[in-house]
Amino acid sequence: MKVLVTGAGGQVGQDLIAALADRGHVVHGSDVASRPMAMTARDIAWHHLDVTDLSQVRQVLGRLRPDVVFHLAAILSARGEEDPGLTYAVNQGGTHNLLEACREYRIRQLMFTSTIAVFGPGLPDPVPDDVSLRPRTMYGVTKVAGELLGEYYAARYDLDFRAVRFPGLISATLPGGGTSDYAPLMYVESLRCGRYEAFCRPEARIPLMYMPDGIRALVELANAPRERLKRCVYNIAAFSPAASEIADSVRRAVPGAEITFKPDPIRQSILDSWPDALDDTCAREDWGWQPEYDLEAMTDDLVPQIRQLIGVQASK
Ligand code: AKB
């Protein structure tokens with residue numbers, strides 16, 4: 001199967017491309033940025049693509065005619081609040097451009113990465129799929145719009161649009177511009193320099209997930225028989241530790257790590273607006289979703305990987 005990934009240079013893209021290539025797909029990466037160093041070893045075609053430019057999107061999709069597009073290109077929540085206009089252009093305009101090009105070239109399937117940021121304050125915990133969506137960030141607003149636009153194209157043009165609402169994702173690849181970044185940074189900075197000052201309160205609690213589970217969720221949803229799916233967009237959940245519990249888990253694996261907390265008012269208020277936990281019953285029932293990693297299993301798997309990456313970087 002031929003697959004195009006947008007925003008392929010980001011945290012999710014790098015791991016998704018590897019997983020798709022390992023499954024034997026012909027994978028094309030695209031991004032406004034050039035191919036990340038970590039990806040140069042892989043024989044993956046790379047295309048410059050600014051998703052805000054419809055003519056570029058049409059050109060790339062028209063030339064490649066992929067069977068499936070994984071549309072990841074987006075500006076995340078914290079960076080999004082620094083430049084809401086650009087976030088609107090990339091997230092909302094970019095998604096609309098992708099949907100239009102998929103319609104025009106009759107692309108079979110568009111996979112979309114939504115997020116816990118579609119939720120706002122005052123919702124039940126764990127929060128189910130169908131609730132009033134009143135996010136407080138531009139990132140959240142544009143992701144709600146992306147979900148709705150996708151559902152519209154599915155109903156109106158029979159595009160096979162599917163989406164997961166990702167929790168904050170943790171991996172060995174450095175995140176960029178998210179509010180959940182305090183979690184992966186606790187690991188990376190503790191291993192890199194022995195200390196990390198988190199920008200949240202120790203009690204901050206949001207849904208989180210280890211990247212291999214997140215990648216598996218995307219791939220499993222893409223492959224699920226269409227007749228089994230009762231909806232286009234699914235909550236998926238793994239674990240919801242307080243920030244202090246993540247710090248404890250890091251200290252267990254990295255003895256001597258100094259993790260402290262100095263809440264940043266803007267990022268803390270974004271965290272406060274998100275739910276503590278997600279109810280993913282629909283994903284479990286419709287396509288058999290189940291996470292494999294809890295916090296401690298993730299820590300055990302992740303720490304050696306980051307150690308190795310840092311070792312490799314240090315020796316260059
Ligand atoms: C962010 O923090 O903005 C993202 C997300 C939770 O979608 N990681």
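A few remarks follow.
- Net charge dipole, segment 189-282: roughly 240 debye, given to the nearest 20, about the Cα centre with Cβ charges of +1 for Lys and Arg and -1 for Asp and Glu.
- The dipole here belongs to segment 17-147: it is taken about the Cα centre, uses +1 on the Cβ of Lys and Arg and -1 on the Cβ of Asp and Glu, and is about 380 debye.
- Separation of the Arg42 and Glu292 label points, Cα + 7 Å toward Cβ, nm: 1.7 nm
- Antiparallel bridges, percent of DSSP beta bridges restricted to the chain (to nearest 5): 5 percent
- Sequence of Ser114, Ser240 when ordered by accessible area, the most exposed leading, probe 1.4 angstrom: Ser240, Ser114
- Couplings for segment 180-196, taken from phi via the Karplus curve 6.51 cos²θ - 1.76 cosθ + 1.60 with θ = phi - 60°, read 7, 4, 4, 5, x, 5, 4, 6, 4, 6, 4, 7, 6, 10, x, 8, 7 Hz in order; Gly and Pro are left as x.
- In order through segment 240-257: 3J(HN,Hα) via Karplus (6.51 cos²θ - 1.76 cosθ + 1.60), integer Hz, x for Gly, Pro: 9, x, 5, 4, 5, 6, 5, 4, 4, 5, 5, 4, 4, 8, 10, x, x, 4
- For the chain: relative contact order, % (alpha-carbon pairs under 8 angstrom, 6 or more apart): 18 percent
- Accessible surface of segment 1-154, 1.4 Å probe, proportion on carbon and sulfur as whole %: 50 percent
- Average accessible area per residue (Å²) across segment 82-139 - probe 1.4 Å, nucleic acids and ligands excluded: 44 Å²
- For segment 1-53 versus segment 147-176, the gap between their alpha-carbon centres in whole angstrom: 17 Å
- With a simple spin-label model that places each label point 7 Å from the Cα along the Cα-to-Cβ direction, the separation between Arg251 and Asp22 comes to 3.3 nm.
- Extension gain, Asp264 back to Arg226 (0.36 nm per residue minus Cα-Cα distance, nm): 9.3 nm
- Segment 14-23 - phi-based ³J(HN,Hα) in whole Hz, Karplus 6.51/-1.76/1.60, Gly and Pro as x: 4, 6, 5, 4, 4, 5, 5, 5, 4, 8
The values are calculated or read from the model by the stated rules, or taken from the named source; none is laboratory data. Remember, predicted model here, so these are calculated numbers, not experimental data. Note that each Cβ is placed from the backbone with ideal geometry, even for glycine, and that neighbours are counted across all protein chains shown. For accessibility, only protein heavy atoms count, side chains too; no ligands or nucleic acids. Shrake-Rupley method; radii C 1.70, N 1.55, O 1.52, S 1.80 Å.
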